[in-house]
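Comments concern the structure below.
The values are calculated or read from the model by the stated rules, or taken from the named source; none is laboratory data. Fair warning: this is a prediction, and the values are worked out from it, not measured in the lab. Ideal geometry is used to build each Cβ from the backbone, glycine not excepted, and the neighbour counts take in all protein chains shown. Remember, those area values only see protein heavy atoms, side chains included, never the ligands or the DNA or RNA. Shrake-Rupley method; radii C 1.70, N 1.55, O 1.52, S 1.80 Å.
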Amino acid sequence: MQGNMMFQPLLISSLIEHAEQYHGDTEIISKNTDGSMTTTDWKHISRHAKQFAQCLKNLNVEQGQKVATIAWNNHRHLESWYAISGSGLICHTINPRLFPEQLIYIINDAQDQVILFDKTFLPLITGVKEHISCVKHFICLDDYDEAIVEALPEVLFYDDLIHAQTADFVWPQLDEQSASSMCYTSGTTGNPKGVLYSHRSTVLHSYAISLPDSLNLSAQDAVLPVVPMFHVNAWGTPYAAAMVGAKLVLPGPKLDGESLVSLIDEYQVSIALGVPTIWQGLLQAAKQVGSTLSSMNRNVVGGSACPPSMIESFKHDFQCDTIHAWGMTETSPLGTANQLKAKHAQLSQAAQFKLRLSQGRPPFGVQLRLASEENGTETVLNDGCTAGNLQIKGHWIVESYYGQKQNALTEDGWFDTGDIATLNEDGYLTICDRSKDLIKSGGEWISSVELENIAIAHPDIEVAAVIAAQHEKWDERPILIVKPVANSQVTEMDIIEFYSDKIAKWQIPDRVVFVDTMPIGGTGKILKKDLREQFGSVLSNIA
Ligand code: ADP
């Protein structure tokens with residue numbers, strides 16, 4: 001017998017309708033590409049979304065087709081997201097920092113019909129235009145601009161388009177399983193692969209990230225997604241903010257520490273989200289300008305392991321709790337978030353801090369397990385110390401990659417993440433490494449993450465990465481690549497010495513290489529693939 005309750009499909013349009021109806025006057029603050037600020041609210045975001053949905057309809061873009069965005073986090077981008085997905089089209093967010101060949105590859109792979117772009121990215125568009133014949137319309141997310149028309153005569157302007165429309169568009173009732181948006185994996189591990197999210201997965205993910213033991217989002221929050229909207233949908237925050245009626249502060253193109261500190265202070269941001277490299281810059285800038293970041297009571301760190309020294313600095317210097325979270329493009333992205341349980345209150349400060357360093361535990365809706373082999377089905381113990389291949393399943397986890405007939409799962413239906421991790425009995429996850437970043441020295445594994453965490457705690461080191469270098473005797477040995485802070489006199493010996501009381505001798509990196517700039521990928525992560533190419537053989541001739 002079925003239950004007698006109403007069925008309503010879980011749709012992205014219902015998020016923006018809710019925000020308009022119940023949180024219409026909640027502010028959305030947006031930094032524009034030219035540096036000016038726009039203050040709007042959920043009511044106007046919703047109206048513009050309907051106006052733009054009508055424009056897309058007039059351009060004959062059909063349900064199920066893709067509309068790409070190459071844009072910073074700002075209000076027009078937000079409106080267009082709701083317009084695209086809400087009207088049954090698929091919003092394909094593109095990382096503007098991709099190489100032109102990668103851009104061409106993913107635009108053709110997705111068969112994008114329309115591209116929306118910030119004017120900053122005009123050269124990108126004109127550079128690849130002749131190779132992306134699937135694209136029928138180019139829309140600049142701005143007001144009319146003669147210079148843009150000169151470079152791209154067929155261009156349409158977002159502001160012109162929406163102002164010619166009324167806001168009486170009615171959102172279609174879609175199948176909740178239909179595709180709503182897509183992201184390509186950032187390609188740090190190979191060719192980008194498309195992940196196609198659904199309305200259902202997106203709405204359920206929004207509930208999950210808003211839960212108290214996840215990010216604890218509410219109508220009292222002012223949320224600053226520093227993480228770009230093209231990096232796994234800004235980790236879902238633009239949807240969750242509409243769900244809970246939170247204020248959004250959209251930072252535009254400038255993500256340096258000083259710009260972020262002034263946004264946080266001026267717009268009273270309560271929670272901000274980003275990758276560790278962002279926080280490194282922010283901490284330095286806040287100290288330099290003497291800001292206490294008083295409004296910000298928590299920040300979310302994910303995308304790469306959060307160094308312990310960073311969590312410590314946020315807590316001690318800024319009274320800000322760091323929520324360490326783990327996820328990936330294939331997991332929408334939230335897989336785990338770190339919040340303590342009631343029983344942990346009895347632990348010592350040191351033990352609590354240790355627990356907070358882990359990537360946290362899964363919210364309802366996802367499950368984790370550790371397999372003894374990659375893509376295998378045999379599991380290892382969740383004892384907090386036995387490492388295994390991390391696998392995941394749940395409502396917002398990928399089943400197959402876009403365009404691939406075969407599913408991407410193990411025989412018994414789990415997705416293998418490519419991460420090596422431990423889980424304790426409460427489900428707290430500790431990522432040891434990515435399987436391909438582990439260093440295999442004489443048959444023993446060394447975690448690059450552990451070595452990086454030690455390096456980054458050294459006061460003279462701004463950014464650190466550990467990679468495997470080939471070694472005649474040991475196969476691989478760890479080497480450390482560092483970008484020192486400005487004017488530092490630190491030497492290789494000083495850094496090696498710094499490791500001596502922190503880790504077993506055989507795990508200490510064999511070499512320290514100093515660089516002026518670290519190769520950083522489009523989502524703010526260090527490109528270890530590039531470092532391996534450049535420095536992977538530095539030990540070969542001295543082994
Ligand atoms: P890509 O795999 O191309 O870098 P993603 O952004 O999807 O693109 O990255 C997901 C990966 O990032 C995870 O598999 C994991 O290795 C790493 N990652 C994400 N969050 C964390 C974290 N908190 N700690 C350690 N690694 C993390």
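Key figures for this structure:
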quantity: Residues within segment 214-244 that are surrounded by fewer than 23 Cβ atoms within 10 Å (Cβ to Cβ) and small (Gly, Ala, Ser), tallied; calculated: 3
quantity: One residue from Pro192, Pro238, Pro212 being in a loop (DSSP other than H, G, I, E, B) and out of contact with any strand residue (DSSP E or B) (no Cβ under 6 Å at 6 or more places or on another chain); calculated: Pro212
quantity: From the options Ser186, Ser201, residue that is outside any strand (DSSP E or B), farther than 22 Å from Lys50 by Cα and at pLDDT 95 or above; calculated: Ser201
quantity: Test: residue in segment 527-537 that is among the hydroxyl-bearing types (Ser, Thr, Tyr), open to solvent by 30 Å² or more (accessible area, probe 1.4 Å), farther than 16 Å from Ala457 by Cα and touching a residue at least 40 places away in the same chain (Cβ under 8 Å); calculated: yes
quantity: Single match in Leu211, Leu174, Leu196, Leu152 (criterion: open to solvent by less than 60 Å² (accessible area, probe 1.4 Å), modelled with pLDDT of 95 or more, hydrophobic (A, V, I, L, M, F, W, C) and under 27 Å from Thr237 (Cβ atoms)); calculated: Leu174
quantity: Only one of Val398, Val380 that is open to solvent by less than 20 Å² (accessible area, probe 1.4 Å), under 30 Å from Leu211 (Cβ atoms) and of a type in the set (Val, Ile, Thr); calculated: Val398
quantity: Residues (part of a helix (DSSP H, G or I) and either among the aliphatic types (A, V, I, L, M) or touching a Gly at 6+ places or on another chain (Cβ under 7 Å) (or both)) located in segment 40-84; calculated: Trp42, Lys43, Ile45, Ala49, Ala53, Leu56, Leu78, Ala83, Ile84
quantity: Segment 122-148, residues that are in contact with a Phe, Trp or Tyr (Cβ under 9 Å, 6 or more places away or on another chain) and either part of a helix (DSSP H, G or I) or of a type in the set (Asp, Glu) (or both); calculated: Leu124, Ile125, Lys129, Asp142, Asp143, Asp145, Ile148
quantity: Among (1) under 29 Å from Ile94 (Cβ atoms); (2) over 19 Å from the mean Cα position of the chain (by Cα) - the single one Tyr401 does not satisfy; calculated: (2)
quantity: One residue from Asp142, Asp159 being touching an Asp or Glu at 6+ places or on another chain (Cβ under 9 Å), crowded, with 18+ Cβ neighbours inside 10 Å, more than 30 Å from Ser201 (Cβ to Cβ) and in the same structural domain as Asp34 (by TED's automatic domain parsing); calculated: Asp142
quantity: Among residues of segment 89-110, those that are of a type in the set (S, T, N, Q) and open to solvent by 30 Å² or more (accessible area, probe 1.4 Å), counted; calculated: 2
quantity: Lone qualifier among Asn375, Asn389, Asn299 - being within 16 Å of the ligand (Cβ to nearest atom), on the phi > 0 side of the Ramachandran plot and surrounded by 14 or more Cβ atoms within 10 Å (Cβ to Cβ); calculated: Asn375
quantity: Single unsatisfied condition, Ala351 versus (1) more than 10 Å from the ligand (Cβ to nearest atom); (2) farther than 20 Å from Asp426 by Cα; calculated: (2)
quantity: Matching residues in segment 448-470 - criterion: being within 16 Å of the ligand (Cβ to nearest atom), open to solvent by 20 Å² or more (accessible area, probe 1.4 Å) and farther than 17 Å from Val275 by Cβ; calculated: Glu450, Ile454
quantity: In segment 352-372, the residues that are open to solvent by 50 Å² or more (accessible area, probe 1.4 Å), among the polar types (S, T, N, Q) and within 23 Å of the chain's Cα centre (by Cα); calculated: Gln367
quantity: Leading residue by the ranking (farthest from Lys529 (Cα to Cα)) among those in segment 433-445 that are in a strand (DSSP E or B) and more than 9 Å from the ligand (Cβ to nearest atom); calculated: Glu444
